[in-house]
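Chemist: Let me begin by handing over the structure; questions about it come next.
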Amino acid sequence: IEIEEQYPLSPQQILLRDSKLRNTEYVYGVVIFTGHDTKVMQNAMKAPSKRSKIERKMDRIIYLLLSALVLISVIGSVFFGITTRDDLQDGRPKRWYLRPDDSTIYFKPTKAAISAILHFFTAMMLYGNFIPISLYISIEIVKLLQALFINQDIHMYHEETDTPAHARTSNLNEELGQVDTILTDKTGTLTCNSMEFIKCSIAGTAYGRGITEVERAMAKRKGSPLIADMASNTQGSQAAIKGFNFTDERVMNGNWVSQPHSGVIQMFLRLLAVCHTCIPEVDEESGTISYEAESPDEAAFVVAARELGFTFYQRTQTGVFLHELDPSSGKQVDRSYKLLHVLEFNSARKRMSVIVRNEEGKIFLFSKGADSVMFERLSSSDCAYREVTQDHINEYADAGLRTLVLAYRQLDEAEYANFDRKFTAAKNSVSADRDEMIEEAADLLERKLILLGATAVEFGHALRQFSVRSTGVGVSARRDARDLHLPPPSQSHSHSQTTST
Amino acid sequence: MSSGQEAGSSSGGSGDGGAAAPRRNTRKPKYSKFTQQELPACKPILTPKWVISVFVLVGVIFVPIGLVSLKASRKVVEIVDRYDDACVPANTTDKLAYIQNPTISKNCRRTLKVPKDMDAPIFVYYQLDNFYQNHRRYVKSRSDAQLRDPKKANDTSTCDPEGTANGMAIVPCGLIAWSIFNDTYGFVRNSKNLPVDKKNISWKSDREHKFGRDVFPKNFQNGSLIGGKTLDPNKSLSKQEDLIVWMRTAALPTFRKLYGRIHTDLKKGDTITVTLENNYNTYSFSGKKKLVLSTSTWLGGKNDFLGLAYLSVGGLCFFLAFAFTLLYLIKPRKMGDNNYLSWNRNPAGR
């Protein structure tokens with residue numbers, strides 16, 4: 001009996017609103033989570049009316065003038081009625097030149113009340129110029145010209161993304177500059193959402209000569225001119241590659257081949273180039289490759305691997321394709337890896353793994369994650385550079401960098417077949433403990449790993465682009481100041497914070 | 001023991017990797033002083049010296065102007081004589097009955113004494129008080145087309161209730177023309193008549209453009225009520241200058257209108273005997289009638305307002321300048337540092 005193949009419905013198959021579907025010929029569709037009880041529908045609210053302070057003040061002025069107009073008309077009409085009634089006394093006209101004895105309803109002394117009421121409307125029309133209706137048009141023209149000036153402001157132009165200021169509507173021009181406080185917590189760090197690969201530790205050796213912003217700030221406070229000079233010298237010499245701020249002649253330009261642990265370095269760079277979920281985009285004209293990534297640090301890793309000789313250039317449903325630098329021949333070689341499984345990153349696991357099969361048929365598990373969860377999964381037999389790597393990780397953390405531990409393991413066919421059966425069954429189940437079953441199946445494989453090294457990524461130039469102090473905006477954040485990348489109030493305070501966490 | 005950072009915790013947003021190719025067309029705004037609002041501008045700072053100088057300057061300009069204006073106004077010689085009460089016979093109990101009775105003679109004789117020398121030309125005005133020529137019904141009761149064009153003689157729709165009489169159109173129609181002033185004045189000095197020149201007492205533009213040369217009075221004052229003076233049917237409206245003067249309506253209830261000119265100099269101490277006809281009814285609405293003889297200067301008639309206004313403002317400026325000077329000398333306040341002004345601040349702090 002042939003069993004039908006089953007596919008799991010996991011979060012990876014769900015297209016949320018504003019998602020994009022790529023590289024897919026056809027799909028089977030299932031509609032889930034619709035209707036007014038969904039969170040996105042409950043959050044949909046009527047947009048509040050945007051009226052600026054100037055318009056509200058103008059409304060108040062117009063109401064005041066309208067009240068004055070009505071008051072003037074009422075008083076005038078009352079006096080008009082009184083004098084009109086007095087024009088005829090005992091049948092004899094007083095102001096004879098007005099002929100009150102032969103009059104229409106507008107000036108009839110015998111019906112002075114009606115004449116007064118009609119005079120009220122006449123006065124309202126005659127004095128209507130009192131209301132400056134054209135004031136709204138004048139203000140609108142002024143705001144339109146102001147919006148044009150905002151669009152042309154060079155100080156609001158962003159060089160990096162080539163984005164000028166664009167006032168989409170001129171309604172709220174004068175409401176600019178209202179922000180005075182930014183409230184944030186640890187997980188919402190004030191960064192530019194761009195990361196730079198700056199240092200790494202491979203086989204117990206630290207690579208990367210860059211200086212981080214935190215190190216530069218501390219050096220400045222100590223008054224060390226040597227580090228400052230070296231930093232400025234290094235800054236000027238290298239060409240700017242987005243996401244890559246790594247400088248070390250020992251491994252760049254293919255020099256890692258002659259390092260003592262070149263095999264470990266090769267595996268390290270291969271892991272960086274394979275263990276991710278990026279999608280490459282090749283520019284047709286220039287041939288350059290850019291990467292779409294779920295998070296900027298993943299993009300930084302792939303860029304670093306490319307700069308060091310392992311170029312990831314294509315991804316299909318089942319495979320990953322690289323240009324690798326072959327240490328034996330010194331040339332670029334095309335390699336492909338069959339992607340068997342992806343064990344996703346989440347905040348509970350704190351690690352991500354991929355299982356691939358290379359062209360020779362060997363099966364590898366590549367894994368990267370936080371040192372707190374990765375070190376306990378390392379093989380106990382490998383103790384050569386474990387402590388050294390831990391020391392490097394601590395140094396990187398003190399310098400304000402984010403670190404990941406990289407490790408791998410080779411699998412045999414029986415082990416993989418056993419895992420594949422259990423993992424697929426867990427994914428296809430729809431019971432309540434599905435997540436636990438998946439975790440249990442993945443845990444079978446993610447153990448006895450071989451340590452490769454660690455990476456260090458810096459949040460890109462947050463201080464330079466977000467000058468909080470000069471704008472007068474106050475920042476209030478929980479826990480320590482390292483996540484904000486602002487100079488801490490005192491060095492000892494910073495150290496105490498670091499040690500306490 | 002120090003723990004490491006969480007991995008890949010930034011949420012949302014895809015980061016672009018790789019070096020960006022050099023762009024052909026950048027979207028950076030073009031620089032010019034106008035678009036960046038850096039044009040040079042004058043920003044006055046009101047220092048005590050500047051303020052005091054400006055006040056003194058205004059005072060120095062205004063006080064002489066005020067003095068000259070006041071002097072010119074004071075040079076005008078003016079004689080005002082109210083006659084509506086004095087011309088009523090002594091035994092009259094009902095003034096309204098007196099003025100409306102055509103059989104009673106309305107002649108009256110008034111004596112004026114000239115207080116100062118009056119150089120020619122001497123203007124003769126009649127003045128009415130409490131007469132509202134600005135009433136909306138009164139002002140609207142006229143037909144400008146009819147006054148201008150003989151073919152529009154029947155265009156009397158806006159002239160009610162004085163549009164037609166006995167079924168025929170009135171020319172000129174309307175309440176304004178109907179209620180034209182009808183008192184007359186004659187002047188005698190030393191048993192010799194002073195001729196009154198009644199030419200050119202109206203506006204030239206009125207005579208040439210607003211009142212037709214071919215329009216003649218017709219059916220005027222033929223109704224049941226007679227409001228004012230009768231017009232010569234054989235004289236065109238453009239030559240009836242009394243009518244033209246009266247139909248330029250006054251804005252306020254107290255007004256003067258030009259009656260004529262006397263081209264003879266009057267000496268101080270002269271006695272002028274005025275023979276007038278008291279025809280116009282001001283008794284029903286408690287109005288007043290006055291006869292005015294006046295000379296004129298470059299400023300116009302006798303009116304102190306302009307001179308007093310200039311003197312008041314000039315005096316106020318002098319007072320303020322003096323007060324600020326005392327304040328500046330007795331209790332000087334230190335001038336702030338100009339470098340703190342926003343346009344003098346460093347560009348880095350902008």
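Chemist: Just to verify a number: what accessible area does residue A:341 come out at with the full protein assembly present, 1.4 Å probe, Å² rounded to tens?
Modeler: About 30 Å², ignoring ligands and nucleic acids.
Chemist: Additional query: Kindly compute the accessible surface that chains B and A hide from a 1.4 Å probe when together, both sides summed, and give it to the nearest 100 Å².
Modeler: Working: alone 23370 and 31970 Å², together 50460 Å².
Roughly 4900 Å².
Chemist: Taking only protein heavy atoms and a 1.4 Å probe, what accessible area per residue, in Å², does segment A:196-459 have with all protein chains in place?
Modeler: Per-residue value: 45 Å².
Chemist: Could you give the Stokes-Einstein D for segment A:51-130 in µm² per second, using the C-alpha Kirkwood radius, 25 °C, 0.890 mPa s?
Modeler: Roughly 172 µm²/s, to the nearest whole number.
Chemist: Could you report the accessible area of residue A:31 in Å², rounded to 10, computed with a 1.4 Å probe on the protein chains as they sit in the structure?
Modeler: Its heavy atoms expose roughly 120 Å² to the probe.
Chemist: Additional query: If you average the C-alpha positions of segment A:291-358 and of segment A:64-120 separately, how far apart do those two centres end up, in angstrom?
Modeler: Answer, in whole Å: 94.
Chemist: If you filter segment B:274-339 for trypsin sites (Lys or Arg not before Pro), then keep DSSP loop positions with at most 12 other Cβ within 10 Å, what is left?
Modeler: Working: sites: B:288, B:289, B:290, B:302, B:333, B:334; in loops: B:302, B:333, B:334.
Counting only loop positions with at most 12 other Cβ atoms within 10 Å, the trypsin sites (Lys or Arg not before Pro) in segment B:274-339 are B:333, B:334.
Chemist: Mind checking segment B:106-142 for trypsin sites (Lys or Arg not before Pro) that DSSP puts in a loop (not H, G, I, E or B) and that have at most 16 other Cβ atoms within 10 Å? List each step's numbers first, then the result.
Modeler: Details: sites: B:106, B:109, B:110, B:113, B:116, B:136, B:137, B:140, B:142; in loops: B:106, B:116, B:142.
Those that pass, being in a loop and sparsely packed, are B:116.
Chemist: Using only alpha carbon positions, build the gyration tensor of segment A:132-175, then give the equivalent ellipsoid semi-axes as the square roots of 5 times its eigenvalues, largest first, whole angstrom. Before the final figure, lay out the partial values.
Modeler: On the way: eigenvalues 147, 12, 9 Å².
In descending order, the three semi-axes are 27, 8, 7 Å.
Chemist: Let me ask another. Hey, rough spin-label estimate for residue A:434 and residue B:33, points 7 angstrom out along Cα→Cβ, what's it come to in nanometres?
Modeler: 7.0
Chemist: Please compute the modelled spin-label separation between residue A:317 and residue B:104, points set 7 Å along Cα→Cβ, answer in nm with one decimal.
Modeler: So the two model labels end up 12.2 nm from each other.
Chemist: Between the helical axis of B:305-330 and the dominant principal axis of chain B, each derived from Cα atoms, what acute angle in degrees is found, rounded to the nearest 10?
Modeler: The answer is roughly 30 degrees.
Chemist: Which entries of B:192/B:290; B:257/B:302; B:229/B:289 have Cα-Cα distances beyond 20 Å here? Working shown, then result.
Modeler: Numbers: B:192/B:290 23 Å; B:257/B:302 15 Å; B:229/B:289 16 Å.
Table pairs above 20 Å Cα-Cα are B:192/B:290.
Chemist: Which value in nm describes the separation of the simple spin-label points at residue A:72 and residue A:30, placed 7 Å from the Cα toward the beta carbon?
Modeler: Label at residue A:72, label at residue A:30, 7.5 nm between them.
Chemist: For residue A:54, project a label point 7 Å along Cα to C-beta. Then give me every residue of segment A:145-163 with its amide nitrogen under 15 Å of that point.
Modeler: A:145-151
Chemist: Given the C-alpha atoms of segment A:9-64, compute the convex hull and give its volume per residue in Å³.
Modeler: Hull volume normalised by residue count: 166 Å³.
Chemist: Within segment B:144-216, which trypsin sites (Lys or Arg not before Pro) sit in a loop by DSSP and count at most 10 neighbouring Cβ atoms inside 10 Å?
Modeler: Loop-located and lightly packed - B:199.
Chemist: Threshold 40 Å², probe 1.4 Å: give the residues of segment A:399-423, in number order, that are less accessible with all protein chains present than with their chain alone.
Modeler: With the partner chains in place, segment A:399-423 has these residues losing at least 40 Å²: A:402.
Chemist: For a paramagnetic label modelled at 7 Å from the Cα of residue B:188 toward its Cβ, which residues of segment B:98-133 fall within the zone defined by backbone nitrogen distances under 20 Å?
Modeler: Residues passing the 20 Å test: B:105-114.
Chemist: Then there is this: How large a share of the accessible area of chain B, in percent, is made up of carbon and sulfur atoms when the probe is 1.4 Å and the other protein chains stay in place? Walk me through the numbers before you get to the answer.
Modeler: On the way: 11600 of 20940 Å².
Roughly 55 percent, rounded to a whole number.
Chemist: Subtract the Cα-Cα distance of residue B:226 and residue B:42 from 0.36 nm times their separation in residues, and report this length gain in nm to one decimal.
Modeler: The residue B:226-residue B:42 span can extend by a further 59.4 nm.
Chemist: Report the dimensions of chain B along its three principal axes from the alpha-carbon atoms, largest first, rounded to Å.
Modeler: So the three principal-axis extents are 129, 63, 41 Å.
Chemist: How far, in degrees from 0 to 90, does helix B:48-75 lean away from the longest principal axis of the Cα atoms of chain B, to the nearest 10?
Modeler: 10
Chemist: Need one number for segment B:205-256: average projected area of the convex hull over its C-alpha atoms, nm².
Modeler: Computed as one quarter of the Cα hull surface, the answer is 4.5 nm².
The values are calculated or read from the model by the stated rules, or taken from the named source; none is laboratory data. These figures come from a predicted structure and were not determined experimentally. Positions of Cβ are backbone-derived with ideal geometry, glycine not excepted, and every protein chain shown enters the neighbour counts. Ligands, DNA and RNA are stripped out before the accessible areas are found, and what is left, the full protein with its side chains, is counted by its heavy atoms. Shrake-Rupley method; radii C 1.70, N 1.55, O 1.52, S 1.80 Å.
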